[in-house]
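Down below is the structure, laid out as structure tokens.
The values are calculated or read from the model by the stated rules, or taken from the named source; none is laboratory data. Quick caveat, the model's predicted, so the values are computed rather than measured. Every residue, glycine among them, receives a Cβ derived from its backbone with ideal geometry; neighbour counts consider all protein chains shown. Heads up: the accessible areas ignore ligands, DNA and RNA and are worked out on the full protein's heavy atoms, side chains in. Shrake-Rupley method; radii C 1.70, N 1.55, O 1.52, S 1.80 Å.
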Amino acid sequence: MRYAFNESLKDDDSGDHDQDQSSPKDSETIKIEDDEKEQNTTKKKMVVPGAGEHPLQYNYTFWYSRRTPGRPASTQSYEQNIKQIGSFASVEQFWRFYSHMIRPGDLTGHSDFHLFKEGIKPMWEDDANKMGGKWIIRLRKGLASRCWENLILAMLGEQFMVGEEICGAVVSVRFQEDIISIWNKTASDQGTTARIRDTLRRVLNLPPNTIMEYKTHTDSIKYVCLLSLLFSLHLLL
Amino acid sequence: KWYVPMNLSTYLNFIDIRMEVARRRMIQKHLQPTRPLRRCTYNSKHTAVKSESIISYCRTFYFCLTGICVLMSVFIAKISYSREFLMGLASCPEAKIKPLFLPDNPIILSEAVSFLFYFILVVFFSNNWG
């Protein structure tokens, strides 16, 4: 039973599924508050493009999260796990960060890289995300680095042409496969989601038979709530 | 009882009065053409002033609109880059400077990754999905 539960967690998608819906412990709360303060102070310091640099349409922030796969999700807070790496406002600044980070293909364990617009947290509960969803592509091992790079370059270069709909992108390194996903603001806007899907196919040069799945964040939340409930029942029994 | 003057003098007097009224009307009609002339002179000046002000307003509006459009195009126009352009900037010296205040984390490298080798790999495997 436990094994099956852990497996089902692993098999879920895109790195954000292990967001904890339960309230953290008191000791954790203080830490989270400190983290929030840190993040808020970072937010206030808006990055700007340097002189002669190529500005981006939006400022972006790199995030990194890692979870110990064996540990149940309920004991850890998703927000506690996710670490802000830094924000950038120009192409040059992006390369500075990117060239000093290891590639997703070299990551080990249950790790995620997130690249989100500055001010948007890579969480379902964020105001920009709560009505949104994501396109998910499951990749066999060895393709994550290239796909991730193509995906974020398309996002930074404004290749999706869907206005302000894009929130960010995630690459999730898992045991048997890697998952990349792109998050948008409005899940109900079918025209936008279709355009994102088509652009994704083009920029990643995906074969026509590639399975792409769209998942709303509300569905993801329901799924995690159900898992938490099942896990609680499992502990009780 | 009704009093009806039936003598001739009264009848003549009545006709005279009618004639006088008709003459007055004729005089009034004769004076009428001066009005339009005066009105015309006044109006031409007024409309000339008005048209000048309208033109100046239009000019101002046009320049304002143009200015706003230019500003809007600067702020609204999307800054987009192709993948090749972005990749081209990866090898610039600015891209190799390590950002300040990076967190102490195993995912952070001490030195920048060379993109030349990586770029060759990407080109080589670009259509190889296996």
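Note on residue A:83 and residue A:223: the model spin-label points, each 7 Å out from Cα along the C-beta direction, lie 2.7 nm apart.
Rounded to the nearest 0.05, what FRET efficiency do residue B:68 and residue A:230 have when you use their Cβ-Cβ distance and R0 = 51 Å? Computed FRET efficiency for residue B:68 and residue A:230: 0.30. Once the Cα-Cα distance is subtracted from the 0.36 nm per residue extended length, the residue B:83 to residue B:60 segment shows a gain of 4.0 nm. Label positions at residue A:175 and residue B:109, each projected 7 Å from the Cα along the C-beta direction, are separated by 2.9 nm. Shown here are the Rg and Dmax of the Cα trace of region A:58-193, at 14.5, 40 Å.
Its Cα gyration tensor gives region A:76-148 an equivalent ellipsoid, and the semi-axes of that ellipsoid, as √(5λ) in whole Å with the largest first, are 21, 18, 14.
Checking the cross-link pairs A:121/A:222; A:117/A:141; A:185/A:222; A:141/B:78; A:222/B:98; A:215/B:98 against a 30 Å limit on the alpha carbon distance flags A:141/B:78; A:222/B:98; A:215/B:98 as lying beyond it.
Would you rank B:80, A:172, B:53 by solvent-accessible area, highest first, keeping every protein chain in place and using a 1.4 Å probe?
Listed by decreasing accessible area, they come as B:80, B:53, A:172.
Total buried accessible area between A and B, probe 1.4 Å, nearest 100: 3400 Å². Using the Cβ of residue B:105 as centre and a radius below 11 Å, the other residues enclosed give a net charge of +1, where K and R count +1 and D and E count -1. Surface analysis of region A:91-226 yields an accessible area of 36 Å² per residue, using protein heavy atoms and a 1.4 Å probe.
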